[in-house]
1. Among rounded, prolate and oblate, which fits region 9-48 when a ≥ b ≥ c are the square roots of the eigenvalues of its C-alpha gyration tensor, a/c under 1.5 means rounded, and a/b larger than b/c means prolate?
2. Would you list the P(r) distribution for region 33-173, with all Cα-Cα distances sorted into 10 Å bins from 0 and each bin expressed as a whole %?
3. Expressed as an acute angle from 0 to 90° and rounded to the nearest 10, what is the orientation of the C-alpha long axis of helix 115-127 relative to the principal long axis of the chain?
4. Say we join alpha carbon atoms closer than 10 Å with springs in a Gaussian network model of the chain; which of 239, 37, 129 then has the biggest fluctuation?
5. Provide the gained length on full extension for the span residue 112 to residue 241, in nm with one decimal, where the gain is 0.36 nm per separating residue minus the Cα-Cα distance.
6. How big is the Kirkwood radius of region 131-183, worked out from every pair of different alpha carbons and given in Å to one decimal?
7. Averaged across orientations, what area in nm² does the convex hull of the alpha carbons in the chain project?
8. Go ahead and run the numbers for FRET between residue 26 and residue 71, Cβ-Cβ distance against an R0 of 25 Å, rounding to 0.05.
């Protein structure tokens with residue numbers, strides 16, 4: 001079953017400073033949505049608001065038509081798997097133990113761990129390429145390895161929707177593509193609704209069915225990547241002069257920044 005996520009007139013901010021005001025948004029169920037935009041435009045704030053990690057000052061978030069505020073933490077965790085931008089684990093926690101915590105919403109009141117939980121944890125570790133690290137402590141791992149462990153924990157929740165804030169952070173390009181392929185497979189094979197904040201426009205264009213472009217706390221555009229990503233929209237939202245050409249692999253939009261060539265246009269350092 002695919003999960004629908006909608007925002008109705010939501011406002012969010014920090015210490016009295018508004019970041020998002022009166023925003024409406026409906027994310028397509030069973031699709032991959034990428035939220036893109038320049039730094040400090042409200043992408044992460046929006047995702048945190050949708051995941052109930054940041055309180056709303058106004059409006060409502062609905063999960064499958066239900067007010068998210070009316071759901072208990074356990075109920076919400078059965079529906080939404082969330083990877084925030086900064087995740088903190090207890091000192092000394094081992095990889096398999098951390099990933100196993102993703103099974104919490106599915107366990108009874110006594111938190112009894114079952115063989116089914118073990119199977120799900122193992123599949124999640126294998127899917128993210130960290131099964132060989134199962135007995136290692138999290139603090140012993142590189143940033144990229146830790147990121148894949150956190151994603152494994154989200155996968156272990158086995159939710160109908162996942163919200164991920166910059167999931168490719170710390171990953172080299174090979175692991176970035178492996179992760180995005182994994183999320184794409186999760187969507188195609190299970191119908192999981194995937195919502196992710198991405199900085200890399202071309203990754204977003206290649207993997208997303210639906211794209212939300214943010215600028216200044218508002219939605220500057222949304223729709224299929226081929227409709228949303230144009231030279232004009234990239235210039236408006238990002239202040240970037242670029243060509244948008246067909247991707248030779250997918251046929252979708254490929255953003256090629258103009259910038260300055262290495263020769264002939266270099267500035268003078270003072």
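Computed from the coordinates by the stated procedures, all read-outs in this text should not be read as laboratory data. Remember, predicted model here, so these are calculated numbers, not experimental data. All Cβ positions, even for glycine, are placed from backbone atoms using ideal geometry, and neighbour counts span all protein chains on display.
1. Numbers: a/c = 2.84, a/b = 1.63, b/c = 1.74.
It is oblate, given that a/c is not under 1.5 and a/b is not larger than b/c.
2. Each 10 Å bin holds this share of Cα pairs: 11, 38, 35, 15, 1.
3. Orientation of helix 115-127: about 20 degrees from the principal axis.
4. Of the options given, 239 has the highest mean-square fluctuation.
5. Between residue 112 and residue 241, full extension yields 40.9 nm more.
6. Working: mean 1/r = 0.0846 Å⁻¹.
This gives a value of 11.8 Å.
7. On the way: hull surface 70.2 nm².
Answer in nm², one decimal: 17.6.
8. Once the sixth-power term is evaluated, E becomes 0.85.
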